[in-house]
1. What are the ³J(HN,Hα) couplings of the range 270-287, residue after residue, when phi is run through the Karplus curve with 6.51, -1.76, 1.60 and θ = phi - 60°? Round to Hz, x for glycine and proline.
2. What ratio of Cα Rg to 2.2 N^0.38 Å holds for the range 86-214?
3. Whose amide H sits under 5 Å from the amide H of THR310, counting only residues 5 or more places off or on another chain, with H placed in the peptide plane?
4. For VAL46, what charge total do you get from the other residues with a beta carbon under 12 Å from its beta carbon, if Lys and Arg give +1 and Asp and Glu give -1?
5. Give a residue-ordered list of calculated ³J(HN,Hα) values for the range 115-124 (Karplus: 6.51 cos²θ - 1.76 cosθ + 1.60, θ = phi - 60°; whole Hz; x for Gly, Pro).
6. Please provide three numbers in whole Å: the alpha-carbon extents of the chain along the principal axes, with the largest listed first.
7. Quick one: pull the percentage of alpha-carbon pairs in the range 9-116 with a separation above 17 Å.
8. Given the rule -39500 (n - 2.57) for each run of at least 4 DSSP H residues, summed and divided by the residues of the chain, what is its mean residue ellipticity at 222 nm, to the nearest 500 deg cm²/dmol?
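Every number here is computed from the coordinates shown, using simple stated rules; none is lab data. Bear in mind the structure is a predicted one, so any value in this text is a computation, not a measurement. Here the Cβ positions follow ideal geometry from the backbone for every residue, glycine too, while neighbour counts run over all protein chains shown.
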Amino acid sequence: MDKKTYEKFAESLINTHQTPGAMVSLNNQRYEKGFGYRDRENKLPVTADTIFGIGSITKSMTCIAILQLQEEGELSVHDPIKTYLPEITFKGSEDITLHHLMTHTSGIPPLNTLFYANKQTMERDGSFDLQIKMGVPLDREQDSIDTYDDLINYLNAIQIVPLDSPGKSFSYSNDGYALLGIIIERVSGQLYERYIEKNIFAPLGMKNSFFNPNQLDERAARLYSIDPTAETPAIEHSPEWWDAPPMWAAGYVKSTANDMLRFSNVFLNDGNGILTAKSLTALTSQYIEIEPGRHYGYGVIITPDFFGTTLIEHGGGIKGVTAQFAVLPERSIGAICLTNIAGAPAEALLKGAVQSDMGIDPDKAAIKYDNYTLSEADRQAITGVYQSNEGQTIKVYEKDAAIFVEIQGTEMPTRAVGRQDVTVTMHGTEYLLQFTDGRLHFGLRQLVKNE
């Protein structure tokens, strides 16, 4: 690995995106480096045992638990969710299976549930009001969602309009994974977090991985955030970890780089005693195409041709967390990048390290999109405001015969790559925006056009 070239690339990204601290680790002593600080104020370094949040990388662990229970004959991924959650009544729920939740193909649209589940901690750090200020559709008077019953009652009450019939199309749903957490608890007879600790963390030797923020100690990274609505937005230490116990199954594990490399052994060693080879195949199968060349499995994203090899990955992001996990089974590579601020270039940092290890330039893209010239009719067909109840608002508009997007008040140019496709570069990575039938597919979610 050309460390010098990679580190020049990494430091440039970290400086551009003002990332306080980042840990990049590849297994088998291939590469390990902490950049910046876990605590900027006290100049404490990042190490492979620094505790960070991993966000939605947790979802692969939730799916492993479901597959373990399937191995034991306790459930099937093709069971209707109502078998285990008979009190669920929202529209379309009778046709949803566990498989649909695991692959984000349930038809459940992006919802604001996660904010209400985080509400108690968000009110303590002032960020609940900030989300309202930034346009997330939230009601200050709405009670926080603190239990599984609260969550199910909320989903039943809000008159969900399904995006599609189950199995038809992909849209990322934290709520779907929260429901999987309830199912794991009901079927196993154990608290969700105890099940994960006992059946994944303990056998893999992941001694520094847990859910409850009360278990954090002095090895934990300080969290940083930025208020985009401030006159001069600056990065500041923000001590409160958001916590949402009913949603733990969607993204609340805290872990270290060393522990996450232990976790990668599940994917690299035929299940590593955690899963059978058959269940590992189920975990990493390509069930639905998210965008050209990328597919969703169970809690993981699969790129079958990543410079000629298979890449299995997932990211995670929440307040004080941007994380990226990857395994390349054919090359026996496991890799993790953990940072202590939302919106950090973790994906670019991790892929840069993996590519450097493979002898490929760190800034080269595995999936290339050719330029396309949009006609005026093409441009008019995709302009508009696209929104979701999870708080995303993306304005798509024409300027100087080109398409621009506005995300969180920032205008960004796009590159047209198809009649209904443009790309935008954020956090050091080029992302695809796909427009179909009044919907925008972006950030793994479907946003609906405001007429």
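1. 6, x, 6, x, 8, 10, 6, 4, 5, 5, 5, 4, 4, 4, 10, 7, 8, 8
2. 1.16
3. The list, which skips near neighbours in sequence, is GLU330.
4. On the way: positive: LYS33, ARG38, ARG40, LYS43, ARG219, ARG222; negative: GLU32, ASP39, ASP49.
After counting each charged neighbour, the total is +3.
5. 5, 6, 6, 8, 4, 4, 6, 5, 5, 5
6. Result, largest extent first: 60, 53, 45 Å.
7. Here the long-distance tail beyond 17 Å is 71 percent of all Cα pairs in the range 9-116.
8. Theoretical 222 nm ellipticity from helices: -7500 deg cm²/dmol.
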